[in-house]
Amino acid sequence: MATANLAARRRTVNNVMTGVLWAAALSIIVLLAFFVGYILYLGAPVISWHFLTAPPSELAAGGGIGPEIFNSFYILILTLIFTTPIATAGGIYLQEYARPGIFTSAVQFCAESLATIPSIVMGLFGLLVFVTLLHWHFTALGGALTLTILNLPALMRVTQEALQTVPSTFREGSMALGATKWQTIRRVVLPSAIAPLTTGIVLIAGRIFGETAALIFTAGVSVSAGRSAYDFGLFHQAETLSVHLWYVHSEGLVPDAAQVGNGSALVLLVMVLIFNIGARLLGYALHKRLTGK
Amino acid sequence: MTTTTEIKMCVEDLNVYYGSFHAIKDASLQVPENGVMALIGPSGCGKSTFIRALNRMHDLVPDVTVQGRVTLDGEDIYAKDVDPVTIRHRIGMVFQRPNPFPKSIFENVAYGPRIHGVRSRKRLLEIAERSLRHAALWDEVKDRLDKSALELSGGQQQRLCIARVLAVEPEVILMDEPASALDPIATSKIEDLIGDLKKDYTVVIVTHSMQQAARISDNTAFFLMGELIEIGPTRDIFFKPQDKRTEDYITGRYG
C-alpha cells in the first residue's frame, strides 16, 4: 500500500512540476507578445515616411526621427569598428594563448569588473573624459568610444565562447602537421568559430543599438542643427533613436511628445528584433555553409 | 644483403608527469627505420602518453612535464634550440578519432603544404592526388574534391587524415589507435595502408588490439601502468615473451 501511495505521489509531483516549468517558459512568450503588441498598438499610427525621414522638431508638432535613426547606425558602426578588433584579439589571447597565471587572472578580473559597471556610470566617465577633459563636447566619436569601453568585455566573452565551441582535435590535427599556433588559429580555429562569433557580434550590436544611458552625456541629446540630416561628422552631436525616445518623454517641449515617443519606441523595438532574428539566421547560414550540408 | 637497420628514433629514460601523476616511468626504446612499431597494453597504461611525447604534442597542454631524451636521427627533439613546429613537420600524427577540418576534401590535404609555403594551385593538386592515392582514397573522392570532408564516412575520414599527413612528407608517422573508432572493413583498409606505408616511412602505432599489432607490426612494445615492460620483434613478444606480465596480457589475463 505504502509503495503504491508513494508512486502516486511521485507521479503527481512530477506532473505538477512539469506544468510549473512549462508555465514559466510560456510566460516569457506571453510577456514578449504583450510587450510587442502594446508598443505596436501605440506606435503604428505614428509611423509614416515623413516621421521616419524628417528631422526632429524642438517646439512645433510634426517632427521626425530621420537623423536619429541614422545616428544610431552611425554610432553602432563606429563602436563595432573600435570594439571588434580589440575584443576578438583579447578573446583569442585568453582562449588560445593564456596559461593560468597572474596576468591571465588580472585580465579576466578586469573584464568581469568592467562588465558589471552600470552604463550610466560609463556615460558619466565618458562625459568627464571626452566631453570635459578633451573639450570635444557632445560628439558621435565620444559616444562611440564610451560604448566601446562598455561593450569590450561582453564581446571578448563572446569571442572566448565561440572559440570554445571549436573541438581541440582540430587544433591538434593542425599542430601535428607542423603548423604554428597562429596558422592554426588563423586557418582552422577562426573559420570554425565564425558562425557563433558572428551571431554573438550581431546580438551585441542589437544591445549597442538600444543603449541609452551611456550616450546621453557623451553623444548628446540633439542633432546638429542646420546640418544635413545624415551627418558623418565625428565631432558633431549625434543623438540616437533611444536617446531621443528618452529625451522627448522626459524633457521634450513638443506638444506631440507622446506620439513621437511611441513611434520611436516601435522603430527601436523592430530594429532590435531584426538584429536578434538576423543573428540567428546568419549564424545558421554560416554554420551550414562551413560544415557542408 | 645485410639486415642492419638504421635507428630512426631513440628514447632514453623518458618520464612524463600530468601534474604530480607519474604517467610514464623511465621508458627507453629504439624505433628502427622503415618498419612498424606497435605499442600495446591495457587502457591507461600510458601508451598514448608515450606516443604523444614523440612529436612534442604534450607541449600544447599545460601541466604536463616531459623529462628524458628523445632523438630523431640522433638529434634531441627536446633540445632548447629545437622548434617543436619543425619536429611536427618531420613527425606526423594520426589521431584516434578522425579529425578532418571542416573544409573541403582538397583543402584538407592541401592544408599542410599550404602552411609550409606551397602556393601554386597546380602543385597543390599534384600533392593532393599523390597523397590521396597513397592513402588509397583517390578513387573514392576524385570526383568530389571540393565537397566537405565531413560528408565522408569514418573510415574515409581517417584515410583522409592519413593523406593529410602524407602531404607534408614526414619521416615518421605516429598513429594513436587510428582504427579504434572504425568498423572491421574500414579497419582492414587502414591496416593494408599501414603495411604499404612502412616501405617509405617509419610508423609507430598505438593499438589496443593485440591481433592488430600481430598483423601489422615488426616490433612490439608492451606497456603496463606507465612502465615499458618488454620490447622486441613482434613474433617474440607474442610467442616467447620474456616477462611474466607480458605473457599474462598476451594470453588475456589482464583487461
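The values are calculated or read from the model by the stated rules, or taken from the named source; none is laboratory data. Just so we're clear, the structure is a prediction, and the values are computed from it rather than from any experiment. Ideal geometry is used to build each Cβ from the backbone, glycine not excepted, and the neighbour counts take in all protein chains shown. Keep in mind that these areas ignore ligands, DNA and RNA; they rest on the heavy atoms of the full protein, side chains included. Shrake-Rupley method; radii C 1.70, N 1.55, O 1.52, S 1.80 Å.
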A careful count of residues in the range A:154-169 that are buried (at least 19 other Cβ atoms within 10 Å of the Cβ) and either at the interface with another protein chain (Cβ under 9 Å from one of its Cβ atoms) or assigned to a loop (DSSP other than H, G, I, E, B) (or both) gives 1
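Among the listed residues B:D13, B:D63, B:D81, B:D76, which satisfies the condition of being on the phi > 0 side of the Ramachandran plot, away from chain A (no Cβ under 14 Å) and open to solvent by 30 Å² or more (accessible area, probe 1.4 Å)? Give the steps one after another, and end with the answer.
Working: B:D63 fails: away from chain A (no Cβ under 14 Å); B:D81 fails: on the phi > 0 side of the Ramachandran plot; B:D76 fails: on the phi > 0 side of the Ramachandran plot.
That would be B:D13, the only listed residue that is on the phi > 0 side of the Ramachandran plot, away from chain A (no Cβ under 14 Å) and open to solvent by 30 Å² or more (accessible area, probe 1.4 Å).
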Restricting the range A:158-176 to residues that are without any contact (Cβ under 8 Å) to a residue 40 or more places away in the chain and hydroxyl-bearing (S, T, Y), which is nearest to B:V172 (Cα to Cα)?
A:S174
Tally time: how many residues in the range B:177-203 are open to solvent by less than 10 Å² (accessible area, probe 1.4 Å) and within 14 Å of chain A (Cβ to nearest Cβ)?
1
Out of all the residues in the range A:197-217, is one or more open to solvent by 30 Å² or more (accessible area, probe 1.4 Å), more than 9 Å from chain B (Cβ to nearest Cβ) and without any contact (Cβ under 8 Å) to a residue 24 or more places away in the chain?
no
Within the range A:1-53, track down each residue that is closer than 30 Å to A:E68 by Cα, open to solvent by 100 Å² or more (accessible area, probe 1.4 Å) and of a type in the set (F, W, Y).
A:F34, A:F35, A:Y38, A:Y41, A:W49
Identify the single condition in (1) farther than 27 Å from A:R186 by Cα; (2) small (G, A, S); (3) at pLDDT below 90; (4) assigned to a helix (DSSP H, G or I) that A:A33 does not satisfy, given that it satisfies every other one.
(3)
Has the range B:47-63 got any residue that is among the charged types (D, E, K, R), closer than 30 Å to B:E140 by Cβ, assigned to a loop (DSSP other than H, G, I, E, B) and touching a Pro at 6+ places or on another chain (Cβ under 8 Å)?
no
So the check is Cβ under 8 Å with 6+ separation or different chains; which pairs have a first residue in the range A:177-191 that's farther than 15 Å from B:V109 by Cβ and more than 7 Å from chain B (Cβ to nearest Cβ) and a second one that's open to solvent by 40 Å² or more (accessible area, probe 1.4 Å) and not basic (K, R)?
A:K181/A:Y97; A:P191/A:L290
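In the range A:68-93, which residues are among the aliphatic types (A, V, I, L, M), farther than 25 Å from A:S242 by Cβ and crowded, with 18+ Cβ neighbours inside 10 Å? Full working, then the answer.
Step one: of the range A:68-93, the residues among the aliphatic types (A, V, I, L, M) are A:69, A:75-78, A:80-81, A:86-87, A:89, A:92.
If we keep only those that are farther than 25 Å from A:S242 by Cβ too, we end up with A:89, A:92.
Result: A:I92, single match.
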Cβ pairs under 7 Å, 6+ apart, first in the range A:98-117 and open to solvent by less than 40 Å² (accessible area, probe 1.4 Å), second of a type outside the set (A, V, I, L, M):
A:A98/A:T104; A:A111/A:P153
Looking at the range B:75-123 only, could you name the residues that are farther than 30 Å from A:K288 by Cα and part of a loop (DSSP other than H, G, I, E, B)?
B:I77, B:Y78, B:A79, B:K80, B:D81, B:V82, B:D83
Which numbered condition B:L166 fails, given (1) out of contact with any strand residue (DSSP E or B) (no Cβ under 6 Å at 6 or more places or on another chain); (2) more than 14 Å from chain A (Cβ to nearest Cβ); (3) touching a residue at least 12 places away in the same chain (Cβ under 8 Å):
(2)
